[in-house]
Amino acid sequence: MQASDGPTTRRGLLLGAVAALAAGPSRGASDPHAGSPFRSLSDAEWRRRLPQAAYAILRREDTERPGSSPLLNEKRAGTYHCLGCDLPLFRSAWKYESGTGWPSFHTALPGALGLKTDWLIGVPRTEYHCARCLGHHGHRFNDGPRPTGLRYCSNGLALRFRPA
């Protein structure tokens, strides 16, 4: 008996899963930021709104040099916001010293970030971006501290700190 390529075979299930991932979020998924005016800004408008280095990070997925972020040593209480649209992303209580040279957080505010797989260096990494303006912020790793075990490795030039 020959196995079919239908959805009940392993191959069929795998192909279906790949197709679902490629299609993106399901039509029924709600996106509270879908109508955000930030999503319709042109590249020229983003260039005018952002400093050059922040534009390279937020709109072109660039990375700042390790140890160069002015927010790396920020210790005050407050909130870290997306520089592109001012959406709050992280609380200062969730920031920790990861030893990587970039501001790192173990928790993000609910609904503030979107995730996607990034293959830029040839291996899969989890890239995260602002849920409202879709600006790139950094990568999420599974080597962080408790309580989440996550490390949101952030480009400080893509963030704005607002003291409490």
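The values are calculated or read from the model by the stated rules, or taken from the named source; none is laboratory data. Keep in mind it's a predicted model, so treat the numbers as computed, not measured. Counting neighbours? That spans all protein chains shown, and the Cβs are built from the backbone with ideal geometry, glycine included. The area values use the complete protein model at the heavy-atom level, side chains included, leaving out ligands, DNA and RNA. Shrake-Rupley method; radii C 1.70, N 1.55, O 1.52, S 1.80 Å.
So the values come out like this:
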read-out	value
Residue-count net charge about Ala77 - beta-carbon cut-off 11 Å; Lys, Arg +1, Asp, Glu -1	+4
Amide H within-cut-off set for Phe161, under 5 Å, with H built and near neighbours excluded	His81
Label point distance in nm, Ala93-Asp43, each placed 7 Å from Cα along Cα→Cβ	4.2
Interchain or long-range residues, amide H under 5 Å from Leu113's placed H	Ala131
Nonlocal amide H pairs with Glu61, under 5 Å, H built at 1.01 Å	His136
Whole-Hz ³J(HN,Hα) from phi, Karplus 6.51 cos²θ - 1.76 cosθ + 1.60, for the stretch 148-157, glycine and proline x	9, x, 9, 10, 8, 8, 10, 7, x, 5
Vicinal HN-Hα couplings computed from phi for the stretch 52-69 (Karplus, 6.51 cos²θ - 1.76 cosθ + 1.60; Hz; Gly/Pro x)	3, 5, 5, 4, 4, 6, 5, 9, 10, 6, 6, 9, 6, 5, x, x, 9, 6
Of every Cα-Cα pair in the stretch 39-164, the percent that sits beyond 25 Å	16
The stretch 100-164: chymotrypsin sites (Phe, Trp or Tyr not before Pro) in DSSP loop, at most 16 other beta carbons within 10 Å	Trp119
Estimated vicinal HN-Hα couplings, Hz - the stretch 42-50 in sequence order (Karplus 6.51, -1.76, 1.60; Gly, Pro = x)	6, 4, 4, 5, 4, 4, 6, 6, 10
Distance histogram for the stretch 109-151 (every C-alpha pair counted, 5 angstrom bins, percent rounded to whole numbers)	6, 21, 25, 27, 15, 6
Pairwise centroid distance, computed over Cα atoms, of the stretch 90-146 with the stretch 31-72, Å	15
In Å², nearest 10: area of Asp86 left accessible to a 1.4 Å probe	50
